[in-house]
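A.B. asks: Got a structure for you, questions after.
The values are calculated or read from the model by the stated rules, or taken from the named source; none is laboratory data. The structure presented is a predicted model; accordingly, all values stated were derived computationally and were not measured. Don't worry about glycine lacking a Cβ; one is built from the backbone with ideal geometry, like all the others, and counts go over all protein chains shown.
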Amino acid sequence: MIVASTVEPDTAPAPTPPSAALRRARRRSAGRPATRPLTTIGENAVVFVVLIGVAIQGYRGFVHLMTHRAVTVGVLPELLVLAALLTVMLTSFAVVGPLAASKPFSDLIVSTAAGRGLVLRRRFVGLVAAVFVSTSGPTWLAATTPLSVLASLTAVIVGCASMIVVAAAVIIQSLPVSGDSVVRWSSIGGSLTTVAAAIAAHHPSPLSVPAAADPGVWLVSVALAVLALAVSAVAGSRLHCITRRALDDSGSAAAAVGASLQWMDGSLLFGVIEDRWWRRVGCVRSVRLPESTALALVRLDLARPLRRPGWVFGWVIVAAGAHALWFGVSPLLGLLAAVGFGYTAVSPFARGLRQVHTSPALRRLFAHSNRYLYLVHSVVPTFAAIVWAALMCLVTPITVGMAMLIAAGLAGSALRAATRPPVDFGGPVVDSPFGLLPVSLIASVTRGLDLWLVTMAVVTALALTTGLA
C-alpha cells in the first residue's frame, strides 16, 4: 500500500543548515569580543619575558653552583639517579593515570561511533610532546654551553627516555592490571636503583663524560629516539583498549589536581585519594586500644602509616638518593634533597593532627581541651622528624647540631601545615600583572611551607659558611 504525504509544501520543514553556517550565525549573534589596548598587552608581555628570563638565569645559576661543588666519581651515579627519577615518574603516572577524561568527554567516547583510539590520539600526542619539551628543555638549559652539540644530544636523550616512560604508562593503563601492583613494583625498582646509586657513589667508575664527537653518544641518541617512537606507536595502537573506568579514575584525579592548584586547597586532591583508598577491598584486624586517652591517640596515629607501608619505599628512595647526590654528584644538592624531601617524608605522620584540627565535632567527642589534643597528636610527627634527621646523620656527614636543626624545622613545618586555618576566599586581594592575588588565601596555603623554606635557607647558609657542602 502506498501512503502519500499529507504535509503541504508551504508548511514543510526547512532544510537544516550545515554546521559551518550555524557557527557563523553564532559568532555574529555573540558580537565582537572586547579587545584590550595594545599598551596593556605590551606591558604584560614585557613582564612575562622578564620573569621568564629571571627564572632561567636563576636556574642556570643554581646549576652553576652545583657544578662548582660537584664530586668527580664518574657518571654512573648520575645515570642511576636519572633512572630513579624516571621510575618515580612512572609511579606518578601509574597513580594518577597518563590519559584522563572528564565525565562528559567519557560519555562522548562511549556513545560516539568513532573509535576510542581516534578520539584519544590527539591527547596522547599532546601528552608525549609536553613531556618531551618539559624534560629536555631544563636539561638543555642546565648545560654549561647550551649551544654545544653535546648539550643538545643530552637533552634529546633525557627527553626520549621520558617519552618511553610516558608511553609505557599508557600501555600499562590499557592493560587489565591493577595499578597497585605497578606502583608496588615501580617503588621497589626505584628503591633498588637509588641504593645502587648510593653504592656507586663510593666506587669511582671508569665511565666519564663523553665528547660530542664520540660515536657512542650519537648511537645512544638515535637508539633512544627510535625506541621512543616505537614504544609511542605501540601505545597509540592500544588507545582503544583503555577502559572507561580507567579514564574516569584518571579524570577525577586530574580534575582534583587542577582544582587544588586553582583554589589553592590541597584537601580536594587528598579527598579524591582517600575516596579511592576506601573503595578498595581490605582486611581489618581488631586491636584493643590502651585505656589512657593519650596512648590510644598515639596508637591510632601510628596505625595510619602502618596500614600504608608505601612510605617506607619513599624514605628509602629519598635517603639513598640524598646519599648518592652527596657523594656522587654534589654535597650541596644532597643536603637540599635531605631537607627538601624530608618535608614530604614527615608530613604524612601529621594526618591525625590535621583531621582533629579540621573537625570541631571530632574534638567535642573527647573530654579534653584542644591544647591537650593538639599536644598528643604532635608526638608522632615530631618523633618522625627526629628519626628522619637521625637517618640523615647516618647517610650523610652532617653534624649533630645541623641534624637537630633539621628535625626542629621539619617538625615545625609539618605541625604548621597540619594546623592551617580554613580556606577563606573572601579576603583582601592585590592587583598585579598576573591578575588579582588573594593575600589571605596565599598566607593560608603557605602556612608550613614558609618555615620549611626558612629551614632550607638556614641549613644551606650554615653548610656553605662552615665548608660542609
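A.B. asks: Restricting to the stretch 436-463, give me the number of residues that are under 20 Å from Leu410 (Cβ atoms) and among the aliphatic types (A, V, I, L, M).
C.D. replies: The first filter runs over the stretch 436-463 and keeps only residues under 20 Å from Leu410 (Cβ atoms), leaving 445-463.
If we keep only those that are among the aliphatic types (A, V, I, L, M) as well, we get 445, 449, 451, 453-454, 456-459, 461-463.
Residues in the stretch 436-463 being under 20 Å from Leu410 (Cβ atoms) and among the aliphatic types (A, V, I, L, M): 12 in total.
A.B. asks: Oh, and also: Restrict the check to the stretch 178-187 and report whether at least one residue is modelled with pLDDT of 80 or more and of a type in the set (D, E, K, R). Explain how you work it out, then say what you get.
C.D. replies: Of the residues in the stretch 178-187, the ones modelled with pLDDT of 80 or more are none.
No, the stretch 178-187 contains no residue that is modelled with pLDDT of 80 or more and of a type in the set (D, E, K, R).
A.B. asks: Yes or no: Arg371 assigned by TED's automatic domain parsing to the domain that holds Val339, under 23 Å from Arg299 (Cα atoms), surrounded by fewer than 14 Cβ atoms within 10 Å (Cβ to Cβ) and modelled with pLDDT of 85 or more? Walk me through how you get there before you give the answer.
C.D. replies: Numbers: assigned by TED's automatic domain parsing to the domain that holds Val339: yes; under 23 Å from Arg299 (Cα atoms): yes; surrounded by fewer than 14 Cβ atoms within 10 Å (Cβ to Cβ): yes; modelled with pLDDT of 85 or more: yes.
Answer is yes for this residue.
A.B. asks: Let me ask something additional. All but one of (1) at pLDDT below 70; (2) surrounded by 15 or more Cβ atoms within 10 Å (Cβ to Cβ) hold for Ile172; which doesn't?
C.D. replies: The number of the failed condition is (1).
A.B. asks: Spot the failing condition for Leu375; the list is (1) farther than 19 Å from Leu336 by Cβ; (2) out of contact with any His (no Cβ under 7 Å at 6 or more places or on another chain); (3) touching a residue at least 12 places away in the same chain (Cβ under 8 Å); (4) not charged (D, E, K, R), and only one is missed.
C.D. replies: In the conditions (1) farther than 19 Å from Leu336 by Cβ; (2) out of contact with any His (no Cβ under 7 Å at 6 or more places or on another chain); (3) touching a residue at least 12 places away in the same chain (Cβ under 8 Å); (4) not charged (D, E, K, R), Leu375 misses (3) alone.
A.B. asks: Also, I was wondering about something else. It is to be established whether one or more residues within the stretch 318-327 are surrounded by fewer than 20 Cβ atoms within 10 Å (Cβ to Cβ) and either more than 30 Å from Glu291 (Cα to Cα) or in the same structural domain as Val298 (by TED's automatic domain parsing) (or both). Lay out the reasoning, then the answer.
C.D. replies: Here is the first cut: in the stretch 318-327, the ones surrounded by fewer than 20 Cβ atoms within 10 Å (Cβ to Cβ) are none.
Checked against the condition, which is being surrounded by fewer than 20 Cβ atoms within 10 Å (Cβ to Cβ) and either more than 30 Å from Glu291 (Cα to Cα) or in the same structural domain as Val298 (by TED's automatic domain parsing) (or both), the stretch 318-327 yields no hits at all.
A.B. asks: Given the residues Ile398, Ile406, Ile442, which is the only one that is under 30 Å from Leu333 (Cβ atoms) and not in a helix (DSSP H, G or I)?
C.D. replies: On the way: Ile406 fails: not in a helix (DSSP H, G or I); Ile442 fails: not in a helix (DSSP H, G or I).
Result: Ile398 is the single residue among Ile398, Ile406, Ile442 that is under 30 Å from Leu333 (Cβ atoms) and not in a helix (DSSP H, G or I).
A.B. asks: To continue, here is another question. I'm trying to understand the selection: among the residues of the stretch 361-383, which are over 25 Å from Leu306 (Cα atoms) and either within 31 Å of the chain's Cα centre (by Cα) or outside any helix (DSSP H, G or I) (or both)?
C.D. replies: Correct list: Ala367, His368, Ser369.
A.B. asks: Sticking with this structure for a sec: Looking at Gly321, Gly334, Gly352, Gly328, can you tell me which residue is within 21 Å of Val287 (Cβ to Cβ) and within 26 Å of the chain's Cα centre (by Cα)?
C.D. replies: Values: Gly321 fails: within 21 Å of Val287 (Cβ to Cβ); Gly334 fails: within 21 Å of Val287 (Cβ to Cβ); Gly328 fails: within 21 Å of Val287 (Cβ to Cβ).
Matching residue, one of Gly321, Gly334, Gly352, Gly328: Gly352.
A.B. asks: Restricting attention to the stretch 260-314, and to residues there that are assigned to a helix (DSSP H, G or I) and of a type in the set (Val, Ile, Thr), which single residue is modelled with the highest pLDDT? First the steps, then the outcome.
C.D. replies: At the first step, the residues of the stretch 260-314 found to be assigned to a helix (DSSP H, G or I) are 260-263, 267-278, 293-307, 310-314.
Narrowing the set further to residues that are of a type in the set (Val, Ile, Thr) leaves 272-273, 293, 298, 312.
Working: Val272: 71, Ile273: 69, Thr293: 81, Val298: 86, Val312: 80.
By that ranking, first place goes to Val298.
A.B. asks: Restricting to the stretch 287-307, count the residues that are closer than 19 Å to Ser369 by Cα and loosely packed, with under 12 Cβ neighbours inside 10 Å.
C.D. replies: 2
A.B. asks: Would you confirm whether or not the stretch 410-425 contains a residue that is in contact with a strand residue (DSSP E or B) (Cβ under 9 Å, 6 or more places away or on another chain), farther than 22 Å from Ala296 by Cβ, free of Cβ contacts under 8 Å to residues at least 60 places away in the same chain and of a type outside the set (Val, Ile, Thr)? Walk me through how you get there before you give the answer.
C.D. replies: Looking only at the stretch 410-425, we keep the residues that are in contact with a strand residue (DSSP E or B) (Cβ under 9 Å, 6 or more places away or on another chain), and these are 424-425.
With farther than 22 Å from Ala296 by Cβ added as a condition, the list becomes 424-425.
Then keep just the ones that are free of Cβ contacts under 8 Å to residues at least 60 places away in the same chain; that gives 424.
Now narrow it down to the ones that are of a type outside the set (Val, Ile, Thr): 424.
Yes, that holds for at least one residue.
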